[in-house]
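In what follows, a single structure is set out as structure tokens and then discussed.
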Amino acid sequence: MNIKDILSKKVSAAMVAAGLPEGTNPALSLSNRPQFGDYQANGVMGAAKKLKTNPRELATKVVAELDLGGIASKIELAGPGFINIHLDENWLAAQLNEVAKDEFIGVAQRSVNADDKQQTVVVDYSAPNLAKEMHVGHLRSTIIGDAVVRALEFRGDKVIRQNHMGDWGTQFGMLIAHLSDKLASDEVAETALADLENFYREAKVRFDNEEGFADRARADVVKLQSGDETCAKLWQQFIDISITHSEDIYAKLNVSLKRSNIMGESAYNDDLSTVIDELMAKEIAEESQGAKVVFINEMANKDGEAPVFIVQKSGGGFLYATTDLSACRYRSGKLAANRIIIFTDARQALHFKQVEIVARKAGFLPENVGYQHCPFGMMMGDDGKPFKTRTGGTIKLAELLDEAIVRAAALIKEKNPEINDADLTEISKKVGIGAVKFADLSKNRTSDYIFNWKTMLSFEGATAPYLQYAYSRIQSIFSKAGTVNNDAVIDIIEPQEKALALKLLQLEDVVDAVISECTPNLLCNYLYELASLYMSFYEACPILKEGISDEVKSSRLALCKVVADTLKQGLDILGIETMERM
RNA sequence: GGGCGCGUAGCUCAGCUGGAUAGAGUACCUGGCUACGAACCAGGCGGUCGCAGGUUCGACUCCUGCCGCGCCCA
């Protein structure tokens with residue numbers, strides 16, 4: 001169900017009938033003012049410009065050919081050539097009654113057999129560095145990626161999650177050397193690694209100050225990479241425990257990543273030399289000062305100098321570049337991806353651009369496989385500088401989430417002093433975590449953004465609790481109403497009902513936008529607008545009060561049901577939970 | 001030095017492929033609970049869209065040049 005699609009096709013047909021070339025963009029959009037109808041088609045003006053004809057006359061012809069019988073109640077020509085479409089309320093109601101019966105609330109499902117083909121989409125997100133604990137900087141990749149993943153799945157695509165964790169590199173030498181000593185003095189790995197941040201700091205201090213430790217650490221890296229069993233075992237212990245830390249965060253955040261989605265950097269080890277061999281054999285890479293490099297001519301500057309992309313260091317070591325190239329091949333080959341999406345911060349934009357160019361040239365990424373790096377900005381403090389604690393440390397994600405839950409609990413207790421502990425625990429978790437996620441997901445900027453405890457943990461205005469509250473209010477009505485008539489027919493009488501219906505029928509359009517541009521903030525905006533329209537409806541259109549006829553009552557209850565389903569489903573895509581009472 | 005991104009209300013941010021009078025939230029002010037849950041609703045205040053040109057019937061949106069900030073590669 002996509003109103004915009006339906007109208008676009010109709011207007012396109014009318015444009016062709018009026019003599020415009022096939023494929024002219026009808027430029028359909030939502031009207032921004034009630035007097036301009038519900039949707040407007042602005043394409044005639046652009047087309048008239050190209051043909052050097054009078055836009056108004058052309059629009060008159062298009063309107064004459066435009067057949068919206070049964071769909072629109074009024075079509076108006078305005079200004080230089082705007083075509084304003086007022087939708088028929090009966091048509092809207094009929095569509096909504098269909099949607100009400102659909103388990104996907106009107107969102108068409110892609111599948112292998114459908115015209116709208118299912119795609120296999122590999123999504124690379126979260127990817128924390130296992131050497132340390134997850135901090136606030138990992139929030140964006142994790143939750144934005146997860147929201148896009150769920151949106152893709154809701155639309156019917158096949159998604160393969162890939163958690164490209166940082167589980168390899170020189171720092172692990174220092175960590176396993178330190179771990180080895182801890183275990184030798186009878187400490188249990190779980191205890192030693194209970195606080196990863198501490199552990200890392202201790203190891204770093206030894207590395208910088210302790211005689212001989214740095215050499216040991218470097219030696220351990222070499223041993224680890226050459227397959228030494230003792231080192232490998234220590235490394236595995238470290239990795240396993242660190243992963244458990246991440247899993248705790250994922251569970252708390254309601255993020256769908258599982259251990260089976262982990263495909264860390266180390267997983268590509270065995271393939272790296274092959275990647276280099278192939279690049280050399282295809283004469284894409286060449287030797288330069290002992291290293292293997294690719295000169296990227298596609299990105300040459302005005303003087304014809306191509307940037308250098310190093311794929312193997314002069315000492316023989318591999319880099320992120322090598323791993324990412326290997327990942328391209330694995331994902332398009334073994335995983336059979338039609339599309340690859342990677343969520344990392346914006347600082348890596350150039351890197352991934354170069355990876356794509358090289359991977360395409362090497363055939364690791366066939367032309368028909370999409371490769372989309374989705375960047376986002378860093379988290380900054382109030383001073384506009386990278387976000388740190390007072391002592392200059394990073395803020396642990398776990399601590400932020402706990403703080404959110406504590407604040408939510410205080411608020412809930414204040415609003416509802418009688419609440420029992422079990423409910424309080426559950427609700428404060430959903431509200432607190434939801435607030436943090438929504439605050440972040442609702443922002444679209446690829447540039448940096450200001451982190452602020454107050455706004456992030458706010459429970460008023462355009463926040464997750466507002467949406468959760470709308471949902472709970474509806475549930476409250478249902479429980480008061482008693483039995484709900486499932487065959488009830490929705491009628492549109494009041495303007496608030498029409499506004500709600502129109503909004504509800506835009507879900508597929510919004511989900512598609514989220515999927516194609518990887519921008520969950522569009523869904524956040526949509527859900528906020530939906531909830532807001534519901535709140536207005538709630539004030540203006542009584543349901544259970546005296547004097548409301550059975551027909552109106554059951555119609556409004558049915559409307560409430562679609563709103564509730566849409567809110568729940570939409571929030572679920574964002575990984576935000578709803579509740580009956582709050 | 002080269003490249004990428006950003007500058008919109010006091011603050012935090014929307015603004016879809018160029019469209020009609022630039023929108024929300026927050027803060028501030030005014031109303032609304034003998035209750036379908038006030039974590040709410042209705043209304044008000046608040047903008048030279050960084051600056052200057054250009055293209056266009058029409059520019060926050062596209063182009064050019066500055067200014068400021070951030071990042072990446074040297």
(Q) What pairs come out if I take residues in region A:276-290 that are within 15 Å of A:Arg360 (Cβ to Cβ) and pair them with residues that are open to solvent by less than 60 Å² (accessible area, probe 1.4 Å) and among the basic types (Lys, Arg) whose C-beta lies under 6 Å away, six or more apart or interchain? (A) A:Ala285/A:Lys292
Q | Criterion (part of a loop (DSSP other than H, G, I, E, B) and of a type in the set (A, V, I, L, M, F, W, C)) met by exactly one of A:Val552, A:Val489, A:Val511 | A | A:Val489
Q: Would you please name the residue that is modelled with the highest pLDDT, looking only at residues in region A:544-560 that are charged (D, E, K, R), open to solvent by 60 Å² or more (accessible area, probe 1.4 Å) and within 13 Å of RNA strand B (Cβ to nearest atom)?
A: A:Lys553
Q) Within region A:444-461, which residues are closer than 22 Å to A:Met582 by Cα, near RNA strand B (Cβ under 6 Å from one of its atoms) and either not in a loop (DSSP other than H, G, I, E, B) or not charged (D, E, K, R) (or both)? A) A:Thr455, A:Phe459, A:Gly461
Q: Go through region A:502-535 and give me each residue that's among the aliphatic types (A, V, I, L, M), within 15 Å of A:Leu30 (Cβ to Cβ) and within 11 Å of RNA strand B (Cβ to nearest atom).
A: A:Val510, A:Ala513, A:Leu522, A:Leu533
Q. Among the residues of region A:247-270, which ones are part of a helix (DSSP H, G or I), open to solvent by less than 40 Å² (accessible area, probe 1.4 Å) and not aromatic (Phe, Trp, Tyr)?
A. A:Ile249, A:Leu253, A:Asn261, A:Glu265, A:Ser266
Q) Across region A:8-57, what is the total count of residues that are of a type in the set (A, V, I, L, M, F, W, C), away from RNA strand B (no atom under 11 Å from the Cβ) and at pLDDT 90 or above? A) 8
Q) Here are some conditions: (1) of a type in the set (Gly, Ala, Ser); (2) open to solvent by less than 40 Å² (accessible area, probe 1.4 Å); (3) more than 30 Å from A:Val510 (Cα to Cα). A:Ser185 meets all but one. Which one does it not meet? A) (2)
(Q) So A:Ile143 ticks every box in (1) open to solvent by less than 10 Å² (accessible area, probe 1.4 Å); (2) at pLDDT below 95 but one. Which box is left unticked? (A) (2)
Q.
Name the residue that is surrounded by the fewest Cβ atoms within 10 Å (Cβ to Cβ), counting only residues in region A:188-213 that are small (Gly, Ala, Ser) and within 41 Å of the chain's Cα centre (by Cα).
A. A:Ala194
**Q.** Filter result for A:Asp115 (in contact (Cβ under 8 Å) with a residue 24 or more places away in the chain and away from RNA strand B (no atom under 16 Å from the Cβ))
**A.** no
Q) If you go through region A:154-163 one residue at a time, do you hit one that is surrounded by fewer than 20 Cβ atoms within 10 Å (Cβ to Cβ) and either free of Cβ contacts under 8 Å to residues at least 24 places away in the same chain or in a loop (DSSP other than H, G, I, E, B) (or both)? A) yes
Q: Look through A:Lys429, A:Lys480 and report the one residue that is open to solvent by 50 Å² or more (accessible area, probe 1.4 Å), assigned to a helix (DSSP H, G or I) and within 6 Å of RNA strand B (Cβ to nearest atom).
A: A:Lys480
Q: Scan region A:107-145 for residues that are among the charged types (D, E, K, R) and more than 18 Å from A:Gly264 (Cβ to Cβ) and jot them down.
A: A:Arg110, A:Asp115, A:Asp116, A:Lys117, A:Arg140
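The values are calculated or read from the model by the stated rules, or taken from the named source; none is laboratory data. Not measured: the values here are computed from a predicted model. Don't worry about glycine lacking a Cβ; one is built from the backbone with ideal geometry, like all the others, and counts go over all protein chains shown. Accessible surface is based on the protein model in full, side chains and every heavy atom, while ligands, DNA and RNA are left aside. Shrake-Rupley method; radii C 1.70, N 1.55, O 1.52, S 1.80 Å.
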